[in-house]
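The values are calculated or read from the model by the stated rules, or taken from the named source; none is laboratory data. Because the structure is predicted, anything quoted here is derived from the model rather than measured. Note: ideal-geometry Cβ built from the backbone for every residue, glycine included; neighbour counts use all protein chains shown.
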Amino acid sequence: MTNYFEDIVKNLSQAVTYDSEQGEPKEGMPFGEENAKCLDFFLSLAEFMGFKTKNYDNYIGEAVWGEGKDFAVLAHIDVVPAGSGWTHEPFGGEIDNQRKRIWGRGTMDDKGPAMIALYAMHALKEEGFKPARTIKLILGCNEETGWKCIEHYNKVATMPEEGISPDADFPVIYAEKGILQLEFAFGAESSAFRNLKGGNRPNMVCDYCEAEAAADAEKLKIMGLESDGCKVVSRGKSAHGSTPDKGVNAIPKLLAYLGLKDMERMLFEEKMGLDGLKDETGPLTFSPNVIRQEGDKIFVTCDIRYPATMKKEDVLAIVGRQGVPYSVLHDQAPLYNDRDGKLIQTLLGVYNEVTGKNAQPIAIGGGTYARALKVGAAFGPEEEGEESTIHQPDEYITFEKIEKCFKIYKLALKKLCS
């Protein structure tokens, strides 16, 4: 394991140095130059290991090994923006031997798991394992901002029917909530403020929000806001849009300061009529993450994760009754697997065998590439009780996590592809 561990750390550190968030498109690089360079780095490494590789126009790539019915390991190399609040360089790939971790955007989501899965394949190959299936490590470049990578793959290749996505939680995920990203259009007739804006992406809790408005020193102090004399600033803490409770949204305090109490109530208290909805896969989450003012309108993009047994139409019917115009920016139907099916039970058995636990399948609010498969399950890397830094400042992966995931993914591939 030592040699593989050292190589994983070294190459993951290098992979993190590519700022592979969705960038300005260039010829032959639909998601920007750094994104394309990162994909090339992964595929070049896989080719060096002796795997067949294919780059599908810098939308998505794959490393292929074996013969027989396809089995997918679906990961992604794109990342969300760094955001604010970092104490380590977000794209530095800093190896911290003292605290035994690697710092940087993408270490956990999802370059780390992608790199570990590649090395799990490499280790099995070096040990002489002969897979009875064709294992395809598929590396998407647009998971965080629209899944254009998957759309392109389905046009130019054939997606495997079964597989895993190492892009969520252990022990194994049998269900994923439905996803809706809606943009609401509120009226903004007040002349007391201008240029209200904040947020980075629909699936990131807003950590910064500002508006040009008069500064009331006492009110600013009470509400914990800042001002430079020209604008009022609200700061929060980012988190993944599916777990808004792990962050601090910067928008509501600024709405209250600006006198937009009705908007604050509808968005953050009543959640546009959706508050309280839940089923066995958990409660609906509602996170207003991007806000911008245009003339007499304020547009707010909200990330909604609804219970897996509900339908999109049920959610939209409730939202429609609130009387605020909206448009659908993005939607993904829920994923719901048989908890007792072969894939889920095999993965669960692998996790429990490696960790010595007696865990059970879980459901999540995040949306993974597992939805792109007929039978797919998200499988790691996070575990209950761990500090999550995904979509947050100072994202990191520990050396212990690398070693554990390597053992788990290696055993899972061996059992599912024998």
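Looking only at the stretch 314-321, decide whether some residue is closer than 23 Å to residue 144 by Cβ and modelled with pLDDT of 95 or more. Yes; the residues of the stretch 314-321 include at least one that is closer than 23 Å to residue 144 by Cβ and modelled with pLDDT of 95 or more. The lone criterion from (1) in contact with a Ser or Thr (Cβ under 6 Å, 6 or more places away or on another chain); (2) buried (at least 20 other Cβ atoms within 10 Å of the Cβ) left unmet by residue 183 is number (2).
Is it true that residue 4 is part of a loop (DSSP other than H, G, I, E, B), touching a helix residue (DSSP H, G or I) at 6+ places or on another chain (Cβ under 6 Å), hydroxyl-bearing (Ser, Thr, Tyr) and touching a residue at least 60 places away in the same chain (Cβ under 8 Å)? It is false that residue 4 is part of a loop (DSSP other than H, G, I, E, B), touching a helix residue (DSSP H, G or I) at 6+ places or on another chain (Cβ under 6 Å), hydroxyl-bearing (Ser, Thr, Tyr) and touching a residue at least 60 places away in the same chain (Cβ under 8 Å). Inspection of the stretch 82-99 finds a residue satisfying the criterion of being farther than 29 Å from residue 133 by Cα and not in a loop (DSSP other than H, G, I, E, B). Counting only strands (runs of 3 or more DSSP E) that sit wholly inside the stretch 302-418, those with at least 1 residues that are surrounded by 16 or more Cβ atoms within 10 Å (Cβ to Cβ) and among the aromatic types (Phe, Trp, Tyr) are 326-332, 396-398.
When the residues of the stretch 273-301 are filtered to those that are part of a strand (DSSP E or B) and among the polar types (S, T, N, Q), the one that is farthest from residue 205 (Cα to Cα) is 293.
Return a yes/no flag: does the stretch 43-57 have any residue that is crowded, with 19+ Cβ neighbours inside 10 Å, farther than 22 Å from residue 95 by Cβ, aliphatic (A, V, I, L, M) and under 21 Å from the mean Cα position of the chain (by Cα). Checking the stretch 43-57: not a single residue is crowded, with 19+ Cβ neighbours inside 10 Å, farther than 22 Å from residue 95 by Cβ, aliphatic (A, V, I, L, M) and under 21 Å from the mean Cα position of the chain (by Cα).
Listed here are the residues, each with its yes/no results for (1) in contact with a Lys or Arg (Cβ under 6 Å, 6 or more places away or on another chain); (2) buried (at least 17 other Cβ atoms within 10 Å of the Cβ); (3) within 20 Å of residue 371 (Cα to Cα).
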| residue | (1), (2), (3) |
| --- | --- |
| 59 | no, yes, yes |
| 69 | yes, no, yes |
| 73 | no, yes, yes |
| 85 | no, no, no |
| 130 | no, no, no |
| 156 | no, no, yes |
| 159 | no, yes, yes |
| 167 | no, yes, yes |
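For (1) in the same structural domain as residue 283 (by TED's automatic domain parsing); (2) in a strand (DSSP E or B); (3) modelled with pLDDT of 95 or more, each residue gets a yes or a no:
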{"site": "135", "(1), (2), (3)": "no, yes, yes"}
{"site": "145", "(1), (2), (3)": "no, no, no"}
{"site": "153", "(1), (2), (3)": "no, no, yes"}
{"site": "164", "(1), (2), (3)": "no, yes, yes"}
{"site": "182", "(1), (2), (3)": "yes, yes, yes"}
{"site": "185", "(1), (2), (3)": "yes, yes, yes"}
{"site": "200", "(1), (2), (3)": "yes, no, no"}
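Taken over the stretch 95-128, the criterion of being surrounded by 17 or more Cβ atoms within 10 Å (Cβ to Cβ) and either farther than 27 Å from residue 21 by Cβ or of a type in the set (Asp, Glu) (or both) is satisfied by 109, 110, 122, 123, 124, 125.
Which residue is farthest from the chain's Cα centre (by Cα), if the candidates are limited to the stretch 193-247 and must be polar (S, T, N, Q) and crowded, with 22+ Cβ neighbours inside 10 Å? Checked the stretch 193-247; the qualifying residue farthest from the chain's Cα centre (by Cα) is 234.
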